[in-house]
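All remarks here apply to the structure that follows.
Read-outs throughout are calculated quantities, based only on the coordinates presented, and are distinct from any laboratory measurement. Given the structure is predicted, the values throughout are model-derived calculations rather than measurements. We place every Cβ from the backbone using ideal geometry, glycine too, and count neighbours over all the protein chains shown.
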Amino acid sequence: MTILTLSRRLVLTGSTLVLTGVASGAMAAPLKQDRPRYDGLKKTIAVDIFRATEAVGGSVTADGMTAMLTQALVEDGRFLVVEPGGALEASAIVRGAVTKYEAAAGGSGLNISGGPLGGLLGARAGTRSQTAVIEIALRLVDVATGQVVSTSSAEGRASSRTSEAGLVENYGGGRLGGEVFRATPIGQAGQDAIERAVEQIASGMRRVAWTALVVDVTDGGVYVNAGSDRNVEPGMVLDVWRTGRTLTDPGTGEVLDVEMARIGRVQVQTVRNRLSIAAVTEGEPPMRGDVLKAD
């Protein structure tokens, strides 16, 4: 889809007539088709700040891509997006890097000059097109184990087209009118890459377990930090796991495995917005911080 804007201006000053027209267009991403409301359990996910060296746009690009990916995942509706290191722990975190950045990967232009109009003015018109390319590399990391679940890359492209018509004073060579609008399409290219990346992230998230945590345990039940915000429903059965040793590589410090033992099972009785209350149906009562997993 091409977004096209057109503006015109007519100025009369003394005996000088200036007519300018500017048309600009940028290739926008196709409109997303309406997806049916997602009614499955929502896994928590966080987006780490993108890495982007000065050669690929630096902090401006990093912040922009991070914000766009975060927004895209929120709008997708299949996940509960949380802040890295926030109050609610993420099941997985996306780490991205900008690996290619070409604000003007290619383009073409055309300029046309006409003869004098009344001996004083000449016509000038031109068009110019540009294509921007951006490429990102992504790693999806399981927070519970520290292991990289999947890697992927996505490239985005966007084109812009500008045209100008104006009048130039032939004798003096001065510019009497005309505006050149050069849309920078790198943002549209980034959005294109993000939209491709969301599907790759969703595919990788199938390998990440849905988890929640025990907030508290009282005579009234087991309080869970997940509710209707994550599509939890009454009657849902959750296995209770207790975390044991974390095994790390002595050379790199990389997490190799986290030992976990299943200690019981609970069933959800009451669901609130961000909280559920469950009853123990098997095994020993859980403790605050124990992990809950869906079947």
Suppose every Lys and Arg Cβ carries +1 and every Asp and Glu Cβ carries -1, with no other charges. What dipole size does segment 212-253 come out with about its Cα centre, to the nearest 20 debye? 160
Could you give the length gained on full extension between ARG245 and THR151, defined as 0.36 nm per residue of separation minus the Cα-Cα distance, in nm? 31.2 nm
What is the set of long-range amide H partners of GLN269 at a cut-off below 5 Å, with H atoms built 1.01 Å from backbone N? GLY235, ILE277, ALA278, ALA279
Stretched fully, the stretch from THR252 through GLU282 gains (0.36 nm per residue minus C-alpha distance, one decimal, in nm) 6.9 nm
Simple SL model, points at 7 angstrom along Cα→Cβ for GLU199 and VAL74; separation in nm is 2.4
Where a Cα-Cα gap under 18 Å defines reach, which aspartates and glutamates qualify for LYS293, not counting those fewer than 8 residues away within the same chain? ASP39, GLU89, ASP142, ASP216, ASP229, GLU233, ASP239, ASP257, GLU259, GLU282, GLU284
For the pair ASP295/GLU259, report the inter-label distance in nm, with labels modelled 7 Å from Cα in the Cβ direction. 2.9
